[in-house]
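Worksheet: one structure, shown below.
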Amino acid sequence: MNRRPTLLAALALTATAALTLSACGSDDDSPSKDADEVVGTDTGGGESASPSESAAASTDRPKIELPLDLKLTFEGGETGEPVKDAILADSAERMRAVAAAITGTDPKGEALAFYNTGKALEAALNWVSQFEEAGATMTGEARYYDRKVTLRGKNSAALVFCADESKGFSKDKRTNEIHKTPVTKNSYVLYHTRLDKNAEGVWQTSQIISTRGATQCQP
């Protein structure tokens, strides 16, 4: 019982705690932590996949539902390029999957495992467990914007995007008390992610690095 308030306080005091997933444990603003580093060595000469190659197979995708008091908004989902649009769509579903696991609308984490792999999956599971241990959930709003995709061969891509998490908070599951935090520059987060297309045609997030307070994401 003594640990629970401590964890809730830790979640509440982090301005982006409710909606930020810092997968690789780095909020460093180091220039070396760019999209190319996240993507790694599989550059593939930047060749683009054809629409037929990018189309997901007829795999049944998990239905993700979020509670009424949580809203995630994703801007710029249509680029006119089918491959990039598929990447943006699966990345958005990945963020929603993490939220669903935390809020309890996906208690088995089926969507979480569907849209994450590798280090990103490990980090997502760890983040969900922290909320569970604290007896906390999430509420409010988050907006994702300036989403830019760079293709790295047929089956790998980098996605960089910003998040406005100034209206997202943690909430005590037992009392429903919302732990609001003041809006600061750290309420705005820059994400560098790598996505890899699996055999079923799903673009899974495999790596993610967040930089809180990034200059390019400030309003």
task: Please indicate, with yes or no, whether at least one residue in region 166-184 is in contact with a strand residue (DSSP E or B) (Cβ under 9 Å, 6 or more places away or on another chain), open to solvent by less than 20 Å² (accessible area, probe 1.4 Å) and among the aliphatic types (A, V, I, L, M).
output: no
Complete set of residues in region 92-135 that are touching an Asp or Glu at 6+ places or on another chain (Cβ under 6 Å) and either open to solvent by less than 20 Å² (accessible area, probe 1.4 Å) or part of a helix (DSSP H, G or I) (or both): A100, Y115
field: Hits in region 144-182 (condition: closer than 26 Å to E132 by Cβ and β-branched (V, I, T))
entry: T175, I178, T181
- prompt: Could you say which residue among S170, S206, S129 is hydroxyl-bearing (S, T, Y), at pLDDT below 95 and over 20 Å from K71 (Cα atoms)?
  reply: S129
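The values are calculated or read from the model by the stated rules, or taken from the named source; none is laboratory data. All figures in this text were calculated on a predicted structure; none of them were measured in a lab. With ideal geometry, Cβ positions are generated from the backbone for all residues, glycine too; neighbour counts draw on all protein chains shown. Just so you know, the surface numbers come from the protein's heavy atoms only, side chains and all, with ligands and any DNA or RNA stripped out. Shrake-Rupley method; radii C 1.70, N 1.55, O 1.52, S 1.80 Å.
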